[in-house]
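Below is one structure, written out as structure tokens; the observations come after it.
The values are calculated or read from the model by the stated rules, or taken from the named source; none is laboratory data. These numbers come from a predicted model, not from an experiment. Counting neighbours? That spans all protein chains shown, and the Cβs are built from the backbone with ideal geometry, glycine included.
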Amino acid sequence: MRKIIHVDMDAFYASVEQRDDPALRGKPVVVAWKGARSVVCAASYEARQFGVRSAIPALRAERLCPQAVFVPPDFVRYRAASRATREIFARHTDLIEPLSLDEAYLDVTTNKQDIGSATEIASRIRQAITDELALTASAGIAPNKFIAKIASEWNKPNGQFVVRPHEVEGFLHPLAVGRIPGVGKVMEGKLQALGIDTVGALRTLDQAVLEQQFGKYGKRLYELARGIDEHAVQPHRPTQSISAEDTFAQDVPLADTEPKLRQLAEKVWVAAQKEKLIGHTVVLKLKTAQFRILTRSLTPPTPPVSCAALTDIALSLRSRVTDEGALYRLVGVGLSNFREPNARLVQPALF
């Protein structure tokens, strides 16, 4: 039986801003660039009281909370704070799986300080974050990652919640099926059409029925409804992809995307070089004014060896888009399919 902790920093970006600028404390802080196309990166709990949430348009945030203080994001400081939290985690275990800058899984089944209680470890970690970083974190403690992640939301902010093995069924039974990872609005609608709106109701369906309805994911649903999650904490997960995207201030024709595309390709190339990664697949992403997303990708016989080569491939992918006079609000460039320098190319080209 594993002992898993999911640590989730509270309103992380906004909390870093409030910590570093005393004038922002107690005020509704929104981390976002102001502008018609900007979206909210984070909102303080003071701003959340007005309905401001991450990922909503900045203009909507302004309408919801006219007195909000908008602060442009500073990811250099956020990454520094994130590294500091992981140094605290590492005092207890090396089995750390970061999910983003502000959350991570920890396996403390066996730990460096030989503390038998995962609940005690979570308390010590949260206290250290408060004492040393002047930030707060919430934590979920459970026998697996799935339940720990849900539990970390239970007593936010600055709290923790433990689900012991014998409490798993009772904890999950009343939850809405939308709390299950991978169950979005569409999947939730399909389950509700079957008369399933809670995890407890989901438990009544046989695995065969779920697999018939949802394929391989049906088996996953069957297991999660019973609190089964055998996925181990995976430290040092290899980078799967590096990408950068940006939204235009105004919708533009396809021909006018080139300057932004070149900037993004350079950003991706610098990031890949910093991590010493060799990407074999280049991806172009476009979003139309009607929010339709288009992607094009290519795996050339040899990977791009320079920023110019990466840019040329991205531009060639753009030429494969059927324009038809469409306007575009966003462009993105990505690099993936990372391999060792001497790795054999199994599939020379995807398209």
Worksheet item: All but one of (1) out of contact with any His (no Cβ under 6 Å at 6 or more places or on another chain); (2) in a helix (DSSP H, G or I); (3) surrounded by 14 or more Cβ atoms within 10 Å (Cβ to Cβ); (4) touching a residue at least 24 places away in the same chain (Cβ under 8 Å) hold for E132; which doesn't?
Response: (3)
Discussion item. Looking at A265, A308, A249, A289, can you tell me which residue is small (G, A, S), farther than 30 Å from E87 by Cβ and touching an Asp or Glu at 6+ places or on another chain (Cβ under 7 Å)?
Written reply: A289
Worksheet item: Hey, any hits in the stretch 105-125 for a residue that's over 14 Å from K3 (Cα atoms), in contact (Cβ under 8 Å) with a residue 40 or more places away in the chain and part of a loop (DSSP other than H, G, I, E, B)?
Response: no
Discussion item. Criterion first (at pLDDT 90 or above and assigned by TED's automatic domain parsing to the domain that holds S306) does K219 satisfy it?
Written reply: no
Discussion item. Quick check on my filter: what residues within the stretch 1-29 are aliphatic (A, V, I, L, M), crowded, with 16+ Cβ neighbours inside 10 Å, in contact (Cβ under 8 Å) with a residue 60 or more places away in the chain and over 19 Å from N155 (Cα atoms)?
Written reply: V16
Item to complete: Find the residue count for the stretch 177-204, including only residues that are touching a strand residue (DSSP E or B) at 6+ places or on another chain (Cβ under 8 Å) and within 19 Å of N144 (Cα to Cα).
Response: 2
Worksheet entry | One residue from A255, A249, A265, A271 being small (G, A, S), modelled with pLDDT under 85 and under 26 Å from S38 (Cα atoms) | A249
Worksheet item: Checking Q234 against (1) within 26 Å of A81 (Cα to Cα); (2) part of a helix (DSSP H, G or I); (3) in contact (Cβ under 8 Å) with a residue 40 or more places away in the chain, which test does it fail?
Response: (2)
Discussion item. Considering only residues that are in a strand (DSSP E or B) and of a type in the set (A, V, I, L, M, F, W, C), which ones fall in the stretch 251-309?
Written reply: V252, V282, V283, L284, L286, I293, L294, L298
Worksheet item: So, of the residues in the stretch 38-97 that are in contact with a Leu (Cβ under 6 Å, 6 or more places away or on another chain) and assigned to a loop (DSSP other than H, G, I, E, B), which turns out to be surrounded by the most Cβ atoms within 10 Å (Cβ to Cβ)?
Response: V52
Worksheet item: Only one residue in V233, V283 is within 28 Å of G35 (Cβ to Cβ), under 20 Å from the mean Cα position of the chain (by Cα) and of a type outside the set (K, R), so which one is that?
Response: V283
Item to complete: Looking for whichever is of a type in the set (A, V, I, L, M), in contact with a Cys (Cβ under 9 Å, 6 or more places away or on another chain) and over 19 Å from K156 (Cβ atoms) here; the options are A55, A32, A90. Which one fits?
Response: A32
Worksheet, complete the sentence: Every listed condition ((1) in contact with a Ser or Thr (Cβ under 8 Å, 6 or more places away or on another chain); (2) not in a loop (DSSP other than H, G, I, E, B)) holds for P174 save (2)
Fill in: Output for the stretch 35-60, where each listed residue is on the phi < 0 side of the Ramachandran plot, over 21 Å from the mean Cα position of the chain (by Cα) and small (G, A, S)
A36, A47
Discussion item. Given the condition in contact (Cβ under 8 Å) with a residue 24 or more places away in the chain, part of a loop (DSSP other than H, G, I, E, B), over 23 Å from the mean Cα position of the chain (by Cα) and buried (at least 16 other Cβ atoms within 10 Å of the Cβ), answer yes or no: does some residue in the stretch 317-334 qualify?
Written reply: yes
